[in-house]
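The values are calculated or read from the model by the stated rules, or taken from the named source; none is laboratory data. What you see is a predicted model, and the numbers here were worked out from it, not measured in a lab. Because the Cβ atoms are built from the backbone with ideal geometry, glycine has one as well, and the counts that use them run over all protein chains shown.
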Amino acid sequence: MGDRRDELEDVVSDLRARDAIADAFIAKSFTDRLVIVDIEGRDEVPADVIEHLADHDLRGAEGVYSDGEGQSFAGSVGDTTRHHFLDMRTRGAHQSYVVEVE
C-alpha cells in the first residue's frame, strides 16, 4: 500500500497549494484511510476540489458511511470547516488493535 500512500501524499500536497484550502492531511479511522480537508471560512468544498478528490477515488466519508450523496462535512475548526474524504481503493483494508480486558 506504499504506492497508494504516496499517491495520497501527492493529492494532499496539491490541495494545500489551493487558496481555498487551509490544511489537508491523511488520517486513519479504525478500518479506513481518510483525506482530511480544512476549507477557509466556507461550509462547502469547491467543486474543483471535489472533482480532484473523486479523480483519485476519494469520496465524502459521511456520504459513503450513510449511503448519502457526497456528504463530507465533519464540523468547524476555528475559522475553517473540516471535511472527511474516504479512500475507496483501500476501504476496509486497515485493521485496528483491540485489547481485551479480563
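Any residue that is touching a strand residue (DSSP E or B) at 6+ places or on another chain (Cβ under 8 Å), at pLDDT 90 or above and of a type in the set (S, T, N, Q) - is there at least one of those in segment 52-71? Within segment 52-71, none of the residues are touching a strand residue (DSSP E or B) at 6+ places or on another chain (Cβ under 8 Å), at pLDDT 90 or above and of a type in the set (S, T, N, Q).
Inspection of segment 33-54 identifies no residue that is among the hydrophobic types (A, V, I, L, M, F, W, C), outside any helix (DSSP H, G or I) and exposed (fewer than 12 other Cβ atoms within 10 Å of the Cβ). Quick check on segment 5-26. Is at least one of its residues in contact with a Leu (Cβ under 8 Å, 6 or more places away or on another chain), assigned to a helix (DSSP H, G or I) and of a type outside the set (A, V, I, L, M)? No, segment 5-26 contains no residue that is in contact with a Leu (Cβ under 8 Å, 6 or more places away or on another chain), assigned to a helix (DSSP H, G or I) and of a type outside the set (A, V, I, L, M). Considering segment 1-20, and only residues there that are within 16 Å of ALA54 (Cβ to Cβ) and among the aliphatic types (A, V, I, L, M), the residue that is surrounded by the most Cβ atoms within 10 Å (Cβ to Cβ) turns out to be LEU8.
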